[in-house]
Amino acid sequence: MAKVDISKEFSEFGKKMKIIAIMIALSIIPFIGTILSLIGSIFAIMALSDIRNANYKLKQSSLVNYRTKYSRAIVFRIISTVISGAVSFYSLSNPFHIGTFTIVPTIISFIITMIAAAIEMDAWRSLTDFFNQNRNLFPTYIALEASEGSDKLRTAALMNVLSFLIITIVIGFILQVVGYIKLSKLEETIRYAKTSPATQVPSTQQVSLATSTPSNISFCPNCGAKMTGERKFCGECGSSLN
């Protein structure tokens with residue numbers, strides 16, 4: 001597809017991925033872990049707005065699928081987190097009344113978490129597909145990092161589905177942090193956009209070629225740069241104006 005400038009949108013998306021990574025890493029802290037997880041979920045919802053804005057220009061079905069599925073997963077995850085937090089608070093407040101009031105909500109929270117994880121797997125798969133199919137929109141290493149990051153987050157969601165194996169909880173936690181950190185590399189997209197070849201000063205060789213022989217063309221047919229004076233080659237990209 002033709003290259004579209006979505007550097008601002010994905011840069012903002014990357015910033016939010018960094019914050020989410022920090023919130024997840026700190027969520028292991030006792031008592032405030034639930035609050036930090038909820039904050040991370042809020043930033044995840046905000047990040048979906050950046051994807052929506054980018055897709056106004058891109059019109060990619062993979063991004064639509066990602067937004068739809070991930071927003072559903074977030075809702076389920078928030079519900080599970082709230083139930084889990086309420087159970088923890090009740091257990092601390094009533095240590096001798098652990099029974100139906102804690103076991104049933106815990107089971108419900110677990111089931112909701114499994115549903116959220118399954119939906120989230122599909123969401124991250126869609127985002128991975130987007131980065132793999134549209135690598136020309138980003139600097140090479142950023143596209144690779146973003147693709148690897150979303151793929152690791154898909155695997156992390158799978159680990160949550162298999163959380164009854166205990167060890168997968170730890171693996172999933174690590175993959176989540178790593179995945180969000182890799183996606184945060186998108187923050188650098190806007191910096192690369194500002195230093196792209198289209199905005200760089202033409203080289204000495206290009207300038208000399210651009211003024212070598214006359215042409216009546218007003219705009220370069222290759223890059224669209226405006227031509228002034230009599231030229232044979234474009235001063236921006238060096239393409240022939242004949």
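For this structure, a couple of remarks:
- Between Leu26 and Ile169, residue separation times 0.36 nm minus the direct Cα-Cα distance comes to 49.9 nm.
- Straight-line cross-link reach from Lys152 at under 15 Å between alpha-carbon atoms covers these aspartates and glutamates, not counting any fewer than eight positions away in the same chain: Glu120, Asp122, Asp129.
- Aspartates and glutamates whose Cα lies under 12 Å from that of Lys185, excluding same-chain neighbours fewer than 8 positions away: Glu12, Glu145, Glu148
- Applying both filters, DSSP loop and at most 14 other Cβ atoms within 10 Å, to the trypsin sites (Lys or Arg not before Pro) of segment 44-136 gives Lys59.
- From phi via Karplus (6.51, -1.76, 1.60), per-residue ³J(HN,Hα) for segment 41-56 in Hz, x at Gly/Pro: 5, 4, 5, 5, 5, 5, 5, 5, 5, 5, 5, 4, 5, 5, 6, 4
- Kirkwood hydrodynamic radius of segment 7-194, Cα pairs, Å: 17.1 Å
Only the coordinates and a few stated rules stand behind these numbers; no lab work does. None of the values given here were measured: they were computed from a predicted structure. Heads up, the Cβs are rebuilt from the backbone with ideal geometry, glycines too, and the neighbour counts pull from every protein chain shown.
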